[in-house]
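The values are calculated or read from the model by the stated rules, or taken from the named source; none is laboratory data. As the structure is a computational prediction, the values presented were derived from the model and not from experiment. No Cβ is skipped: glycine too gets one built from the backbone with ideal geometry, and neighbour counts run over all protein chains shown. Surface areas here come from the heavy atoms of the whole protein model, side chains and all, with no ligands, DNA or RNA. Shrake-Rupley method; radii C 1.70, N 1.55, O 1.52, S 1.80 Å.
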Amino acid sequence: TQLLEQSPQFLSIQEGENLTVYCNSSSVFSSLQWYRQEPGEGPVLLVTVVTGGEVKKLKRLTFQFGDARKDSSLHITAAQPGDTGLYLCAAPSNSGYALNFGKGTSLLVTP
Amino acid sequence: DTAVSQTPKYLVTQMGNDKSIKCEQNLGHDTMYWYKQDSKKFLKIMFSYNNKELIINETVPNRFSPKSPDKAHLNLHINSLELGDSAVYFCASSQVSGGGGNTIYFGEGSWLTVV
């Protein structure tokens, strides 16, 4: 099983601050996804990146896939309380039949 | 209209009991999954089914038995429950198997507590 290491594990910031979370692996992936999970809910897909060096933007969220397709970052600009949640990166398993997830970054944005 | 629905949402039961969690998806997807999320929020694949056929069993104890009566349903039966089975169990589905950037849609989770 490929390991997806996410950092930081926990992040508590105030509204308006910027932040970056990271997802790293020693494996090369054909694609990588970011999901957000809110309390009491299941994870919901935010973005899929497939090309090395690719950058995707979703409003205040910017996702980047590393050039070597081994790592990814998620940058949030001017965080809002609604951004609070667990951010999970995920990549195809070796078999290709499921997604493996990182352990997540738990983000708390306070007003 | 819920895409992936699972019941019950909460389940508290004693050690040694047998329990089932039901899951249905109305997205017309071919692949369904069971994931387990532990107390540290780590989400781990348990089973994957494609068109009612088991394609992944991630070394889950044989006390856990998935059943897929049709491709829209994937139920999870757990025998002889143990304290360590306490977790949130997520059912999920995708159009095709989870690799290659396909979106996986998750249910809301079933919170199992074994006492």
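Of these, B:Lys9, B:Lys71, B:Lys36, which one is under 26 Å from A:Val49 (Cα atoms), open to solvent by 40 Å² or more (accessible area, probe 1.4 Å) and touching a strand residue (DSSP E or B) at 6+ places or on another chain (Cβ under 9 Å)? Outline the logic, then answer.
Working: B:Lys9 fails: under 26 Å from A:Val49 (Cα atoms); B:Lys71 fails: under 26 Å from A:Val49 (Cα atoms).
Being under 26 Å from A:Val49 (Cα atoms), open to solvent by 40 Å² or more (accessible area, probe 1.4 Å) and touching a strand residue (DSSP E or B) at 6+ places or on another chain (Cβ under 9 Å) holds for just one of B:Lys9, B:Lys71, B:Lys36, which is B:Lys36.
The residues in the stretch A:56-108 that are away from chain B (no Cβ under 14 Å), among the hydroxyl-bearing types (Ser, Thr, Tyr) and assigned to a strand (DSSP E or B) can be counted, and the count is 2. On inspection, A:Ser12 does not qualify as more than 14 Å from chain B (Cβ to nearest Cβ), buried (at least 16 other Cβ atoms within 10 Å of the Cβ) and farther than 13 Å from A:Leu74 by Cβ.
So in the stretch A:21-40, with the set limited to residues that are part of a loop (DSSP other than H, G, I, E, B) and either open to solvent by 80 Å² or more (accessible area, probe 1.4 Å) or hydrophobic (A, V, I, L, M, F, W, C) (or both), which one is nearest to A:His75 (Cα to Cα)?
The extreme case among them is A:Glu38.
Residues in the stretch B:76-97 include at least one that is open to solvent by 60 Å² or more (accessible area, probe 1.4 Å), within 11 Å of chain A (Cβ to nearest Cβ) and not hydroxyl-bearing (Ser, Thr, Tyr). A:Leu3 - would you say it is surrounded by 13 or more Cβ atoms within 10 Å (Cβ to Cβ) and not acidic (Asp, Glu)? When the stated conditions are applied, A:Leu3 does not pass them. Restricting attention to the stretch A:55-86, which residues are open to solvent by less than 40 Å² (accessible area, probe 1.4 Å), closer than 18 Å to A:Tyr35 by Cβ and without any contact (Cβ under 8 Å) to a residue 24 or more places away in the chain? Those that are open to solvent by less than 40 Å² (accessible area, probe 1.4 Å), closer than 18 Å to A:Tyr35 by Cβ and without any contact (Cβ under 8 Å) to a residue 24 or more places away in the chain: A:Leu61, A:Thr62.
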